Amino acid sequence: MDKTIQTTAEEAIRRSGAYSFLSLAYLDIPGERFFKLLRFPEVKDNLDKLGLDTDSLLSEHNNLKALEEEFTRLFIGPAHHLSPHESVHTEFQGSHWGEVTSEVQRFIELAGFDIGHHFPGMPDHISVELEFMGQMAQKEGLAWSEKNESKALDYIKIQSMFLDKHLLNWVDSFCDKVIESCFLSFYRELAKWTSSFLWADRKNLSRHDVTTTN
């Protein structure tokens, strides 16, 4: 395989891993399995290379009870909490299952993503949107590995469009609110990196000069 293509394929797989990691982090309370995954050398090295301070997250391993309380307080409630759904942050009334929710569902289903397999809740939950990006990046990497440039560019276009139409429209607002509301460094560092990684990834995808206007 051409070295440039191989490097691009490996880059896509690294990006896929980062998106899937973020999806997991926002999906549920981080427990022993989460920290075991984070300590896995390949995972840790990949995230470190992409700019995440994994040591800062790992330092919270002994605070599992506090992390459970933080996750619940931030994202579940029952008191005032930060909804991890795009529609709440982008629609005028800030309600669930608005037009944005339906748009996300149509987008990911047309791209062949089975939401029910990954998450039983609403399709505009941040963990779903991040996992969708991870799956598209993984397919992009596979296409590069198979030297199918046309298919790889199609997946890049899908990723670019989804970032532009959805994730980048609300990730900063969501992450800023997490940073302002959290008590532990775990979610503060996670939110900071989530926003910076997504914007850096959009810039990275733009190197392929794939139009997203259609």
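I need the Kirkwood Rh of region 1-148: take the reciprocal of the average 1/r across all distinct C-alpha pairs and report it in angstrom.
Working: mean 1/r = 0.0589 Å⁻¹.
One over the average 1/r among Cα pairs gives 17.0 Å for region 1-148.
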Mind giving me the FRET efficiency for Lys65 and Ala200? R0 is 35 Å, r the Cβ-Cβ distance, nearest 0.05 is fine. 0.55
Sum up the lysine pairs in region 133-183 that clear both bars: alpha-carbon distance under 15 Å and a spacing of 8 or more or different chains. 4
Using each residue's phi in region 20-36, evaluate 6.51 cos²θ - 1.76 cosθ + 1.60 at θ = phi - 60° and report the 3J(HN,Hα) Karplus result to the nearest Hz, with x for Gly and Pro. 5, 4, 4, 4, 5, 5, 8, 7, 8, 5, x, x, 4, 5, 4, 6, 5
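Round to the nearest 0.05 the FRET efficiency obtained for Asp172 and Arg106 when R0 = 35 Å and r is the Cβ-Cβ distance. Show your work: numbers first, answer last.
Values: r = 24 Å, r/R0 = 0.69.
It comes to 0.90.
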Using θ = phi - 60° and the Karplus curve 6.51 cos²θ - 1.76 cosθ + 1.60, what whole-Hz ³J(HN,Hα) does each residue of region 180-191 get, with Gly and Pro shown as x? 6, 9, 7, 9, 9, 5, 3, 6, 5, 5, 5, 5
Once phi is turned into θ = phi - 60°, what whole-Hz ³J(HN,Hα) does the Karplus curve with 6.51, -1.76 and 1.60 give for every residue of region 152-168, x standing for Gly and Pro? 4, 5, 4, 5, 5, 4, 4, 5, 5, 5, 5, 4, 5, 7, 10, 3, 6
Sparse-neighbourhood loop hits (chymotrypsin sites (Phe, Trp or Tyr not before Pro), region 61-154; DSSP loop; Cβ within 10 Å at most 15 others) -> Phe92, Trp97
With label points set 7 Å from each Cα along the Cα-to-Cβ direction at Thr7 and Arg39, the distance between them in nm comes to 3.5 nm
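None of the figures in this text is laboratory data; all of them are computed from the coordinates on show. As the structure is a computational prediction, the values presented were derived from the model and not from experiment. Every residue, glycine as well, gets a Cβ built from its backbone with ideal geometry; the counts of neighbours run over all protein chains shown.
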